[in-house]
Amino acid sequence: MTAKFWELTGHKLSPRQFSQDLADMREGGSTGYNAPIAHTRDRGYHYTDDNFRLHNSPLETGDAAVLRQALAALRQFQGLGLSDELGDVVQRVEAHLQAQPADDAAGQSVIWFEQVPDYAGTPFLGPLYQAIRARQVLLLRYRAFGAAEAWEETVQPYLLKQYNHRWFLVGQGSGRSGISNYALDRIEGVAADETISYQPPRADLAARFADVVGVSVPEGGVLETVRLRFRAGRGQYVLTKPLHPSQQTDTITGDVVEISLQLVLNPELQTLLLSFGDDIEVLAPLSLRTRISERLKAATGLYRQ
């Protein structure tokens, strides 16, 4: 029957290849199918378990190890609940494949992610993530920095975005003309608002953040060419770790590295540039150069008192 099948389908299969394929499919074979294949004169090659199907075992033993690695990576997003869900999946896969769970000593983490301990917004990550997935309108209790009291605001939740170790909810607030960012560490309460229908974002969120550093998108902001000069040592760092996807290298000498970026200016960009201290000089635009100069002079003044 097997030879007839290959004849009808136009394929040619050598006996040696056929035997190797069977060996790969059987228990211990390279495919991981562990198929219960037997051969008898009356039935030819067949499964001893009539309920067995190849698609019932789509995973191999090594897949459990890969999932464990993914689980370790997801644990960095504390509060989302994803690591708990994947942990259950890993256990089911290991049981299905009869794989051995990772030993605590042998399976210790070899990749460490930078975390902010006791981040105030962590408890809201899970509820906000679930609300976005469920397209659920929310009633937020929010208190901005410096505000005397918190206020309640209805928000259409669209995206959770992380920047500089802080999480932000990106959404459309009631009474606001455009998209807003809500820092999770400023949220004091979250509840579902069943009285308002969900409205999807009117703009492409990926495009919204494409031209900025961080999360702030100034209303009416325009794209500008930002030119920066770095001391050579620090410049090599920037070449290997670009400040933004638009980064282009203009000049490289033994003393300096000059780059240009296409960006909408925002506070996060200023903070990023100031973090380089005296290793950087802003060449353009003039408005940004002036602002950085003013902030550096103000900072220097604190040490002259």
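The values are calculated or read from the model by the stated rules, or taken from the named source; none is laboratory data. Quick caveat: nothing in here was measured; it's all calculated off a predicted structure. Ideal geometry is used to build each Cβ from the backbone, glycine not excepted, and the neighbour counts take in all protein chains shown. Areas reflect the complete protein model, heavy atoms only, side chains present, ligands, DNA and RNA absent. Shrake-Rupley method; radii C 1.70, N 1.55, O 1.52, S 1.80 Å.
Structural remarks
- Computed from label points 7 Å out along Cα-Cβ, the spacing between SER287 and ARG176 is 2.2 nm.
- Per residue, the solvent-accessible area of the range 151-223 (1.4 Å probe, heavy atoms of protein chains only, all protein chains present) comes to 53 Å².
- Take the Cβ atoms of ILE111 and ASP185, set R0 to 22 Å, and the FRET efficiency comes out at 0.30.
- Taking a ≥ b ≥ c as the square roots of the eigenvalues of the Cα gyration tensor, the range 106-171 is oblate, since a/c reaches 1.5 or more and a/b is not larger than b/c.
- Length gained on full extension, ARG202 to LEU239: 9.7 nm, using 0.36 nm per residue less the C-alpha separation.
- Loop-located chymotrypsin sites (Phe, Trp or Tyr not before Pro) across the range 140-203 with a Cβ neighbour count of 15 or fewer within 10 Å are PHE145, TYR198, with loop assigned by DSSP.
- Portion, in percent, of the accessible area of the range 127-183 that falls on carbon or sulfur, probe 1.4 Å: 48
- Between ARG16 and ASP49, the modelled label-to-label distance comes to 3.3 nm, taking each label 7 Å out from Cα in the direction of the beta carbon.
- Taking only alpha carbon atoms, the range 120-214 gives an Rg to Rh ratio of 0.93, where Rh is the Kirkwood radius.
- Whole-number Å³ per residue for the convex hull built on Cα positions in the range 241-305: 104
- Mean projection of the Cα convex hull over all viewing directions, computed for the range 190-233: 6.5 nm².
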